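Student: First the structure, then my questions, so here it is.
The values are calculated or read from the model by the stated rules, or taken from the named source; none is laboratory data. Only a predicted model underlies this, so the values are computations on that prediction, with no experimental measurement involved. Ideal geometry is used to build each Cβ from the backbone, glycine not excepted, and the neighbour counts take in all protein chains shown.
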Amino acid sequence: MREFHPMPKKIYFASDFHLGIPNHDRSLDRERKLVAWLEMARTDASEIFLMGDLFDFWFEYKTVIPRGYSRLLGKLAEITDSGIPIHLFRGNHDMWAFDYLTKELNIQLHRDPEFRQFGGKQFYLAHGDGLGPGDHGYKMLKKVFACRFNQWLFRWLHPDMGIIMALFWSRKSRAVALEKEKLDEERNRRLIEERITFHSMALLKSHPDLDFMVYGHYHFPIDTKLNAKTRQVVLGDWLTHFTFAVFDGEDLKLMTFE
């Protein structure tokens, strides 16, 4: 009789969903697609990593969370309840996620880049914002948003005012950014090269054992071989590309969810 060998469990990575924009209907379509992807992934996943910007804006008041996303939140809870860990690396759009997702959905929240080992392979995982040279305006703004006093001040705004105001500016800036991304693929490649690849190469000097370096943030999916051993994978987004990466125990592959 032939021996039965179960398929090895996989690890899934995806990033930059930006739920909430550009409007309710289009966001809901993407939310449904994300839920379908999570349902597909759970069939053979050992862990799922959401690498940042799950929401385009998220702020947890003491007793209020942003309206919507019921399909997604329910699916995330269902998956973690089944014993599959889900990780969220906070991005620049959901840096104000505090403890709700952990307490209610058992999602493991990560605030900084991390080194992990899977199946004997060495990984470096990061959302990607603020890494590498340049982008000084954003780095300063990130410090402002990360300030606990500023978070306390924002909490005093009524949720209807605070959330609507934040989404208005977020949608406006994202609309401009999307047009740039559609028109200028080379710009995306250049920014990744100047910032993320620069950061990766500098990090490899102290961590030459890394096999895979996985990032979000830049919305452009690209798999780059940095040297004979190390690959850098930028996951892309779920606004235009619907890409993700899956690690099967040996290799990391960048794929598209149809």
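Student: Of all the residues that make up segment 119-130, how many are over 15 Å from the mean Cα position of the chain (by Cα) and modelled with pLDDT under 95?
Tutor: So the count comes out to 2.
Student: Residues being in contact with a Gly (Cβ under 6 Å, 6 or more places away or on another chain) and either charged (D, E, K, R) or within 20 Å of E114 (Cα to Cα) (or both): count how many of those fall in segment 219-242.
Tutor: Total meeting the criteria: 1.
Student: Just to be sure before I move on: is D248 closer than 23 Å to K33 by Cα, acidic (D, E) and crowded, with 20+ Cβ neighbours inside 10 Å in the structure I sent? Give the steps one after another, and end with the answer.
Tutor: Values: closer than 23 Å to K33 by Cα: yes; acidic (D, E): yes; crowded, with 20+ Cβ neighbours inside 10 Å: no.
The answer is no for D248.
Student: Oh, and also: Got at least one residue in segment 243-251 being over 21 Å from F89 (Cα atoms), in contact with a Gly (Cβ under 7 Å, 6 or more places away or on another chain), small (G, A, S) and in contact (Cβ under 8 Å) with a residue 24 or more places away in the chain?
Tutor: yes
Student: I want to confirm something. Restricting to segment 205-234 and keeping residues that are polar (S, T, N, Q) and surrounded by 13 or more Cβ atoms within 10 Å (Cβ to Cβ), which single residue is nearest to L125 (Cα to Cα)? Before you say what the answer is, go through the steps one by one.
Tutor: Going through segment 205-234, the residues polar (S, T, N, Q) turn out to be 206, 224, 227, 230, 232.
Retained after the next criterion (residues that are surrounded by 13 or more Cβ atoms within 10 Å (Cβ to Cβ)): 224, 230, 232.
On the way: T224: 15, T230: 13, Q232: 10 Å.
Looking at residues that are polar (S, T, N, Q) and surrounded by 13 or more Cβ atoms within 10 Å (Cβ to Cβ), I get Q232.
Student: If a residue has to be aliphatic (A, V, I, L, M), part of a loop (DSSP other than H, G, I, E, B) and out of contact with any Leu (no Cβ under 8 Å at 6 or more places or on another chain) to count, how many in segment 198-251 make the cut?
Tutor: Number satisfying all stated conditions: 1.
Every residue, every condition in (1) farther than 22 Å from S46 by Cα; (2) β-branched (V, I, T), yes or no:
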residue	(1), (2)
K205	yes, no
D209	yes, no
I222	yes, yes
D251	no, no
M255	no, no
